[in-house]
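J.: Shown below is the structure under consideration.
The values are calculated or read from the model by the stated rules, or taken from the named source; none is laboratory data. Keep in mind the model is a prediction, meaning the values are calculated, not measured. Because the Cβ atoms are built from the backbone with ideal geometry, glycine has one as well, and the counts that use them run over all protein chains shown. Ligands, DNA and RNA are stripped out before the accessible areas are found, and what is left, the full protein with its side chains, is counted by its heavy atoms. Shrake-Rupley method; radii C 1.70, N 1.55, O 1.52, S 1.80 Å.
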Amino acid sequence: MMADAGKPFKIAIAGLGTVGVGTIKLLEQQASILQNRTGRALEIVAVSARDRNRDRGCDLGGYKWYDDPVEMARSEEADIFVELIGGSDGPAKASCEAALASGKHVVTANKALVAHHGHELAEVAEAKGLGLAYEAAVAGGIPVVKAIREGLSGNRISSLHGILNGTCNYILTTMRETGRSFDDVLAEAQELGYAEADPTFDVDGIDAAHKLSILASLAFGAKIDFNSVYVEGIRRITPTDIDYANELGFKFKLLGIAEDCGNGIFQRVHPVMVPMDVPIASVEGVFNAVVTEGDFVGTTVLEGRGAGGGPTASAVVADIVDIACGRIVSVFGMPAAQLAEKATLPMDSHIGAYYVRLVVVDKPGVMADITAALRDAEVSLEAVLQRGRDPGAPVSVVLTTHETSEASIRQALEQIERMDAVKEPACFIRIERFQD
């Protein structure tokens, strides 16, 4: 049964950047299709942005303009408020709160807002019987929120992992294909519009951590806990490391990984080396992917464009359509009041294999000292690589380990880095094989 069948569904959109303009264009160009699918017209009635004089490539003359998104959120024109402003606080948060308080549904593409304030906003929305939807906040056009919340609702999900930031995936892909440095490829990504002028949130892993915390809440029935996500970025990855990974049969990816271990949850974002034959390894360029493990369904893989006006607008409009049709579900897969507070497992307890690259003086006895430090920390070596020899000069030595604890590998590296023959801090990367 359609909600208010035949009655126009009125939309107010705050934020007219790439996604906002894409949403307007999609709603206009697909109007007849959307009306057929919802049984009612989807009608934009108001918009808001900071600069009303900017040329956005679309005609906004037919919509009421608000300079203040909070005022628009409180107005009576619209049934639903679409927040595309960005930022975890400020006008984005204030306008969503105002919209819910005034009885409007809310759709947002704002991962930072959901990661930091999603639980409290969900409690308000659910108490009022309003929709709060955020498909576009995670993985752009990939319908991963709906897939986990609804498509996999009959499963206990034990783990998920994914490429959640297209900027980092583009940089790592291009570094591998061209042999160029991180700084060089980042500059190119900025020129192409794949990276912001300030790329900190992307390349330091914060953007992916926002998204992972949302997915972990959905998958595990837990309150969002962004502050417990372990985060590393990709700035320290070098062409040398990528070459060694290729020689060893691996690719570099920045992954978000969440695991429900029964006694607590791991949430971590960091570079990993993955075997070339696992599904996530084939996802290249600006694409995103999410892999889940469910007890009945097994492994599922979702892949697609993770950003951009078109794909993200597609997700925004999908949420609008759901609410226009009366499909309003619990924001995080169950009532917000029932979400559990689950313990966070410390990174030191992580068990896995590791890649370690050392720069050491090439002289007798150095490897014996290194292997002794590993032995003392109960770390077992799997392989050792050294290209060429240059007696008396610094050379790169690469080690891979069998499974060990994070605490053990860190203990070994602290001892190794104190050696006079070791000339640089160790580069160590976690290896994730994702095989049964």
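J.: Kindly check whether there is at least one residue in segment 6-26 that is of a type in the set (D, E, K, R), open to solvent by 30 Å² or more (accessible area, probe 1.4 Å), in contact with an Asp or Glu (Cβ under 7 Å, 6 or more places away or on another chain) and modelled with pLDDT of 95 or more.
T.: yes
J.: Being outside any loop (DSSP other than H, G, I, E, B) and in contact with a Lys or Arg (Cβ under 7 Å, 6 or more places away or on another chain) is the filter here, so list the residues in segment 362-394 that pass it.
T.: Once the filter is applied, which keeps residues that are outside any loop (DSSP other than H, G, I, E, B) and in contact with a Lys or Arg (Cβ under 7 Å, 6 or more places away or on another chain), segment 362-394 yields only Pro394.
J.: Please indicate, with yes or no, whether at least one residue in segment 285-292 is open to solvent by 10 Å² or more (accessible area, probe 1.4 Å) and touching a strand residue (DSSP E or B) at 6+ places or on another chain (Cβ under 9 Å).
T.: Yes, segment 285-292 has at least one match.
J.: Give segment 397-413 a look and list any residue that's free of Cβ contacts under 8 Å to residues at least 60 places away in the same chain, open to solvent by less than 40 Å² (accessible area, probe 1.4 Å) and either more than 19 Å from His270 (Cβ to Cβ) or outside any helix (DSSP H, G or I) (or both), or say none.
T.: Selection gives Val397, Leu399, Thr401, Thr404, Ser405.
J.: Please go through segment 296-319 and pick out each residue that is closer than 23 Å to Ala281 by Cα and not polar (S, T, N, Q).
T.: Residues satisfying the conditions are Val297, Gly298, Val301, Leu302, Glu303, Gly304, Arg305, Gly306, Ala307, Gly308, Pro311.
J.: Right, something else. Among the candidates Val316, Val359, Val331, Val321, single out the residue that is of a type outside the set (D, E, K, R) and modelled with pLDDT under 95. Can you show your working first?
T.: Working: Val316 fails: modelled with pLDDT under 95; Val331 fails: modelled with pLDDT under 95; Val321 fails: modelled with pLDDT under 95.
Just a single option satisfies the conditions, and that option is Val359.
J.: Hey, another quick one. Using the structure shown, decide if Ala41 is closer than 21 Å to Arg327 by Cβ, surrounded by 13 or more Cβ atoms within 10 Å (Cβ to Cβ) and in contact (Cβ under 8 Å) with a residue 24 or more places away in the chain.
T.: Numbers: closer than 21 Å to Arg327 by Cβ: yes; surrounded by 13 or more Cβ atoms within 10 Å (Cβ to Cβ): yes; in contact (Cβ under 8 Å) with a residue 24 or more places away in the chain: yes.
For Ala41, the condition - closer than 21 Å to Arg327 by Cβ, surrounded by 13 or more Cβ atoms within 10 Å (Cβ to Cβ) and in contact (Cβ under 8 Å) with a residue 24 or more places away in the chain - is met.
J.: Okay, moving on. Which condition number in (1) of a type outside the set (S, T, N, Q); (2) open to solvent by 50 Å² or more (accessible area, probe 1.4 Å); (3) under 24 Å from Phe220 (Cβ atoms); (4) not in a strand (DSSP E or B) is the one that Leu302 fails?
T.: (4)
J.: Turning to a different aspect of this structure: Going through segment 335-346 one residue at a time, which ones are among the aliphatic types (A, V, I, L, M), crowded, with 16+ Cβ neighbours inside 10 Å and out of contact with any Cys (no Cβ under 7 Å at 6 or more places or on another chain)? Please lay out each step first, then the result.
T.: Here is the first cut: in segment 335-346, the ones among the aliphatic types (A, V, I, L, M) are 336-337, 339-340, 343, 345.
Those still in the list that are crowded, with 16+ Cβ neighbours inside 10 Å too: 336, 339, 345.
Answer for segment 335-346, where residues must be among the aliphatic types (A, V, I, L, M), crowded, with 16+ Cβ neighbours inside 10 Å and out of contact with any Cys (no Cβ under 7 Å at 6 or more places or on another chain): Ala336, Leu339.
J.: Given the criterion in contact with a Gly (Cβ under 7 Å, 6 or more places away or on another chain) and either modelled with pLDDT of 95 or more or among the small types (Gly, Ala, Ser) (or both), identify the matching residue among Ala197, Ala208, Ala219.
T.: Numbers: Ala197 fails: in contact with a Gly (Cβ under 7 Å, 6 or more places away or on another chain); Ala219 fails: in contact with a Gly (Cβ under 7 Å, 6 or more places away or on another chain).
It is Ala208.
J.: Starting from segment 160-179, keep only residues that are within 14 Å of Phe252 (Cβ to Cβ), then list their pairs with residues that are polar (S, T, N, Q) and outside any helix (DSSP H, G or I) whose Cβ atoms are within a distance under 7 Å, requiring at least 6 positions of separation or different chains.
T.: Pairs that qualify, where the first residue is within 14 Å of Phe252 (Cβ to Cβ) and the partner is polar (S, T, N, Q) and outside any helix (DSSP H, G or I), are Ile163/Asn288.
J.: Of the residues Leu248, Leu192, only one is surrounded by fewer than 24 Cβ atoms within 10 Å (Cβ to Cβ), under 28 Å from Arg387 (Cβ atoms), over 18 Å from the mean Cα position of the chain (by Cα) and among the hydrophobic types (A, V, I, L, M, F, W, C); which?
T.: Details: Leu192 fails: under 28 Å from Arg387 (Cβ atoms).
Within the list Leu248, Leu192, the selection yields Leu248.
J.: Which one of Ile214, Ile234 is closer than 30 Å to Gly294 by Cα, assigned to a loop (DSSP other than H, G, I, E, B) and not polar (S, T, N, Q)?
T.: Ile234
J.: Look at Pro335 and say whether it is free of Cβ contacts under 8 Å to residues at least 12 places away in the same chain and either within 30 Å of Ala41 (Cα to Cα) or not β-branched (Val, Ile, Thr) (or both).
T.: For Pro335, the condition - free of Cβ contacts under 8 Å to residues at least 12 places away in the same chain and either within 30 Å of Ala41 (Cα to Cα) or not β-branched (Val, Ile, Thr) (or both) - is not met.
J.: When you scan segment 363-374, do you find a residue that is of a type in the set (D, E, K, R), over 23 Å from Val138 (Cβ atoms) and open to solvent by 60 Å² or more (accessible area, probe 1.4 Å), even just one?
T.: Checked segment 363-374: at least one residue is of a type in the set (D, E, K, R), over 23 Å from Val138 (Cβ atoms) and open to solvent by 60 Å² or more (accessible area, probe 1.4 Å).
J.: Just to be sure before I move on: is Ala281 farther than 30 Å from Asp79 by Cα, part of a helix (DSSP H, G or I) and under 19 Å from the mean Cα position of the chain (by Cα) in the structure I sent?
T.: Considered against the rule, which asks whether it is farther than 30 Å from Asp79 by Cα, part of a helix (DSSP H, G or I) and under 19 Å from the mean Cα position of the chain (by Cα), Ala281 comes out as yes.
J.: Out of Leu152, Leu113, I need the residue that is of a type in the set (A, V, I, L, M, F, W, C), open to solvent by 10 Å² or more (accessible area, probe 1.4 Å) and in contact with a Ser or Thr (Cβ under 7 Å, 6 or more places away or on another chain). Which one? Reasoning before the result, please.
T.: On the way: Leu113 fails: open to solvent by 10 Å² or more (accessible area, probe 1.4 Å).
Being of a type in the set (A, V, I, L, M, F, W, C), open to solvent by 10 Å² or more (accessible area, probe 1.4 Å) and in contact with a Ser or Thr (Cβ under 7 Å, 6 or more places away or on another chain) holds for just one of Leu152, Leu113, which is Leu152.
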